[in-house]
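*Asks:* Supplied in structure tokens, the structure appears directly below.
The values are calculated or read from the model by the stated rules, or taken from the named source; none is laboratory data. Everything quoted here is computed from the prediction, not taken from an experiment. Cβ placement follows ideal geometry from the backbone for every residue including glycine, while neighbour counts extend to all protein chains displayed. The area values use the complete protein model at the heavy-atom level, side chains included, leaving out ligands, DNA and RNA. Shrake-Rupley method; radii C 1.70, N 1.55, O 1.52, S 1.80 Å.
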Amino acid sequence: MRFRAKIVDLACLNHFSRVINTIAKLAKTCTLRLTVSKLYFILSDKVANGGVSMWCELCQGNFFDEFQMEGVAAEHNEIYLELVPENLARALKTAQSAKAVKIKLTNKHCPCLRVAVELPSLSSSSRIVTHDIPVGVIPRRLWNDFREPNVPDFDVSIYLPVLKTMKSVVERMKNLSNSIVIEANLNGEMNLKIETDLVSVTTHFKDLGNPPWTSEDGCQSSAQDRDPESMAEARIDIKKLQQLLAGQQVNPTKALCNIVSKRIVHFILLHEDVSLQYFIPALA
């Protein structure tokens, strides 16, 4: 089992750092899955227990100049590691003007991801700062716990408004309530609502547009049969929504959410070479 990678391009390095910072804001610990072509950051708190889930997918070729990986076995050419993303984010903070960053899986005293940051130097010799980030190796028998979550059979799918605007609305509402209702319809309309004994506040968004989804057999999704005016809604923990909006540094080119009435809200943020899915279960 071996893994080593190198980033030289500064724009790729900064982009990678932004993705890791986003992950660190959303998860205290997560699973890093390495394959030949992709990296995945996975958080699978059981939604049934009220936990959020996250699935972030990166194409390694768009970030790394070198990428070598040998999995646990020829027929299972993958590696699953448990790590604290904040530790990786901290290591990459020292790399903002680096000439190169090397990441390697080592096992001196315990399994670690070694992040070696080559910094510019005035002399001919380079300065290298090394961070050893402890990781846990997840055994093969547990890999099935970390499969990609299915896109739920949603009632409504809608593009999100500008995330900065949504963030400022949610931050104001957070001071008034612990939960927020997200509702949307197939007419491109979405409302964010809070209701308490003292106050009722609703923010309306319109003309957002609805993504065209087709099911696996090529038919239009069942959501298309709905009355376009009919709202699907879910009440969720406002802190979990605010965490997603405040933490994201991916700056997505597309952002949308799927609502399964009274069950779950599934957010998808897409940016060229990164996709981030985030599932927030509805409150009872």
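*Asks:* Can you find, within the stretch 99-114, the residue that is nearest to Ser17 (Cα to Cα) among those that are out of contact with any Pro (no Cβ under 8 Å at 6 or more places or on another chain) and open to solvent by less than 60 Å² (accessible area, probe 1.4 Å)?
*Replies:* Val101
*Asks:* If only one of Thr31, Thr22 is within 24 Å of Ile280 (Cβ to Cβ), assigned to a strand (DSSP E or B), of a type in the set (S, T, N, Q) and open to solvent by less than 40 Å² (accessible area, probe 1.4 Å), which one is it?
*Replies:* Just one listed residue meets the conditions, Thr31.
*Asks:* Could you check how many residues of the stretch 61-72 are under 19 Å from the mean Cα position of the chain (by Cα) and either without any contact (Cβ under 8 Å) to a residue 40 or more places away in the chain or open to solvent by 50 Å² or more (accessible area, probe 1.4 Å) (or both)?
*Replies:* 2
*Asks:* Continuing with the same structure: (1) within 30 Å of Ala11 (Cβ to Cβ); (2) modelled with pLDDT of 95 or more; (3) out of contact with any helix residue (DSSP H, G or I) (no Cβ under 8 Å at 6 or more places or on another chain): which one isn't true of Phe267, the others all being true?
*Replies:* Single failed check for Phe267: (3).
*Asks:* Any residue that is assigned to a strand (DSSP E or B) and within 23 Å of the chain's Cα centre (by Cα) - is there at least one of those in the stretch 73-80?
*Replies:* Within the stretch 73-80 (the criterion being assigned to a strand (DSSP E or B) and within 23 Å of the chain's Cα centre (by Cα)), the answer is yes, since at least one residue qualifies.
Each row is one residue, and each column tells you yes or no for (1) modelled with pLDDT under 95; (2) open to solvent by less than 30 Å² (accessible area, probe 1.4 Å).
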{"site": "Ser157", "(1), (2)": "no, yes"}
{"site": "Val181", "(1), (2)": "no, yes"}
{"site": "Glu189", "(1), (2)": "no, no"}
{"site": "Ile194", "(1), (2)": "no, yes"}
{"site": "His204", "(1), (2)": "no, no"}
{"site": "Gly218", "(1), (2)": "yes, no"}
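*Asks:* In the stretch 71-99, what count of residues is obtained for those that are within 18 Å of Lys25 (Cβ to Cβ), hydrophobic (A, V, I, L, M, F, W, C) and out of contact with any helix residue (DSSP H, G or I) (no Cβ under 6 Å at 6 or more places or on another chain)?
*Replies:* 3
*Asks:* Here's something else I'd like to know. Leu88 - would you say it is under 17 Å from the mean Cα position of the chain (by Cα), surrounded by 20 or more Cβ atoms within 10 Å (Cβ to Cβ) and within 23 Å of Ile138 (Cβ to Cβ)?
*Replies:* Yes: the conditions hold for Leu88.
*Asks:* Same structure again: In the stretch 115-139, what residues are in contact with a strand residue (DSSP E or B) (Cβ under 7 Å, 6 or more places away or on another chain), open to solvent by 50 Å² or more (accessible area, probe 1.4 Å) and in a loop (DSSP other than H, G, I, E, B)?
*Replies:* Once the filter is applied, which keeps residues that are in contact with a strand residue (DSSP E or B) (Cβ under 7 Å, 6 or more places away or on another chain), open to solvent by 50 Å² or more (accessible area, probe 1.4 Å) and in a loop (DSSP other than H, G, I, E, B), the stretch 115-139 yields only Ser126.
*Asks:* Only one residue in Arg33, Arg18 is touching a strand residue (DSSP E or B) at 6+ places or on another chain (Cβ under 8 Å), touching a residue at least 24 places away in the same chain (Cβ under 8 Å) and charged (D, E, K, R). Which one?
*Replies:* Arg33
*Asks:* Suppose the filter is surrounded by 18 or more Cβ atoms within 10 Å (Cβ to Cβ) and closer than 30 Å to Ala284 by Cβ; does Leu39 pass it?
*Replies:* Here the answer is no, as Leu39 does not meet what is asked.
*Asks:* Then there's this: Under 8 Å between Cβ atoms, which residue pairs at least 6 apart in sequence (or on different chains) link something in the stretch 181-195 that is under 14 Å from Ala282 (Cβ atoms) and of a type in the set (Asp, Glu) with a partner that is assigned to a strand (DSSP E or B) and open to solvent by 10 Å² or more (accessible area, probe 1.4 Å)?
*Replies:* Glu183/Asn191; Glu183/Lys193; Glu183/Glu233
*Asks:* So, one more: Quick one: Ile79 ticks every box in (1) closer than 27 Å to Tyr278 by Cα; (2) out of contact with any Gly (no Cβ under 6 Å at 6 or more places or on another chain) bar one, so which box is it?
*Replies:* The single condition Ile79 does not satisfy is (2).
*Asks:* Given the residues Leu176, Leu142, which is the only one that is in a helix (DSSP H, G or I) and over 20 Å from the mean Cα position of the chain (by Cα)?
*Replies:* None of the other options fit; the residue is Leu142.
*Asks:* Sticking with this structure for a sec: Only one of Asn185, Asn175, Asn251, Asn150 is at positive phi and of a type outside the set (Asp, Glu); which?
*Replies:* On inspection, the qualifying residue turns out to be Asn251.
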